[in-house]
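Student: One structure, pasted below without further comment.
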Amino acid sequence: MAENTLNGRRVLAVVSNYGIEQDELVVPVQHLRDRGAHVDVAAVSAEEIQTLVGDKDPGKTVRPDLKIADADVSSYDLLVVPGGTINADNLRLDGDAVEAVRTFARSGKKVAAICHGPWLLVEAGVLEGKTLTSYASVATDIRNAKGAWVDKAVMHCGAEGWDLITSRTPDDLDDFCGEIDATLAAAG
């Protein structure tokens, strides 16, 4: 049984309703819940979320807890942005998701994004002065958004007054989840 080191922590995961890389949503959500965190999955609409495996094969369906538009982002300690090419591309077109990222950054709260998830941060305009990693094809977008890109399994950047945790692919999920644990546990 996992240690309940994150009791009292509240986490919001934001996704579109289609195209999320299955393990980039399911693994961190279950990991955080197993450690005692309250995790809400917020989607663009109230319909079921269809995940994909490898950006093409149907994965698990997930029922969202709420719509992104209905989330009180001020009540959460951490925002998680899973990847999946289709998910990330659709999510960055959702004004509520973009505003959620801006609110977390302005408030000095923590954000964790994996794979193509940083596209949402690019769209939100919050990467100036930040160092992060992502799926390699997102590197140019990050640099164009005035962020610095590195090729590492996990990158934690506390610059600009807020914590950003990023990883490249599902292969990095152990490092990603471990860094989220450490960051949330250290927060008090």
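Student: When you go through 83, 19 one by one, which is the residue that is touching a residue at least 24 places away in the same chain (Cβ under 8 Å) and at positive phi?
Tutor: Checking each option against the conditions leaves just 19.
Student: Now for a different question. Filter the range 20-43 down to the residues that are farther than 21 Å from residue 175 by Cβ, in contact with a helix residue (DSSP H, G or I) (Cβ under 6 Å, 6 or more places away or on another chain) and either β-branched (Val, Ile, Thr) or in a loop (DSSP other than H, G, I, E, B) (or both) and list them by number.
Tutor: Answer for the range 20-43, where residues must be farther than 21 Å from residue 175 by Cβ, in contact with a helix residue (DSSP H, G or I) (Cβ under 6 Å, 6 or more places away or on another chain) and either β-branched (Val, Ile, Thr) or in a loop (DSSP other than H, G, I, E, B) (or both): there is none.
Student: Any residue at all in the range 53-66 that's part of a strand (DSSP E or B), of a type in the set (D, E, K, R) and exposed (fewer than 14 other Cβ atoms within 10 Å of the Cβ)?
Tutor: yes
Student: Condition test on residue 25, is it crowded, with 19+ Cβ neighbours inside 10 Å, within 20 Å of residue 92 (Cβ to Cβ), of a type in the set (A, V, I, L, M) and in contact with an Asp or Glu (Cβ under 9 Å, 6 or more places away or on another chain)?
Tutor: no
Student: Here's something else I'd like to know. Return yes when residue 43 is buried (at least 17 other Cβ atoms within 10 Å of the Cβ), under 22 Å from residue 184 (Cα atoms), over 11 Å from the mean Cα position of the chain (by Cα) and modelled with pLDDT of 95 or more and no when it is not.
Tutor: Spelling it out, it is not the case that residue 43 is buried (at least 17 other Cβ atoms within 10 Å of the Cβ), under 22 Å from residue 184 (Cα atoms), over 11 Å from the mean Cα position of the chain (by Cα) and modelled with pLDDT of 95 or more.
Student: Take residue 149 and tell me if it is free of Cβ contacts under 8 Å to residues at least 24 places away in the same chain, touching a helix residue (DSSP H, G or I) at 6+ places or on another chain (Cβ under 7 Å) and over 20 Å from residue 90 (Cβ atoms).
Tutor: yes
Student: Only one residue in 44, 101 is touching a residue at least 12 places away in the same chain (Cβ under 8 Å), over 16 Å from residue 164 (Cβ atoms) and of a type in the set (A, V, I, L, M), so which one is that?
Tutor: Every option except 44 fails the conditions.
Student: Let me ask something else. Given the criterion within 25 Å of residue 53 (Cα to Cα), surrounded by fewer than 24 Cβ atoms within 10 Å (Cβ to Cβ) and modelled with pLDDT of 95 or more, identify the matching residue among 72, 77, 96, 171.
Tutor: 171
Student: For the condition more than 16 Å from the chain's Cα centre (by Cα) and not charged (D, E, K, R), what is the one hit in 113, 153, 100, 186?
Tutor: One residue alone meets the criteria, 186.
Student: Output the residue which, of all residues in the range 99-117 that are in a strand (DSSP E or B) and among the hydrophobic types (A, V, I, L, M, F, W, C), is farthest from residue 175 (Cα to Cα).
Tutor: Per the stated criteria, the residue is 111.
The values are calculated or read from the model by the stated rules, or taken from the named source; none is laboratory data. Please read these numbers as outputs of a predicted model, since none were measured by experiment. So basically every Cβ, Gly included, is an ideal-geometry build from the backbone, and we count neighbours across all protein chains shown.
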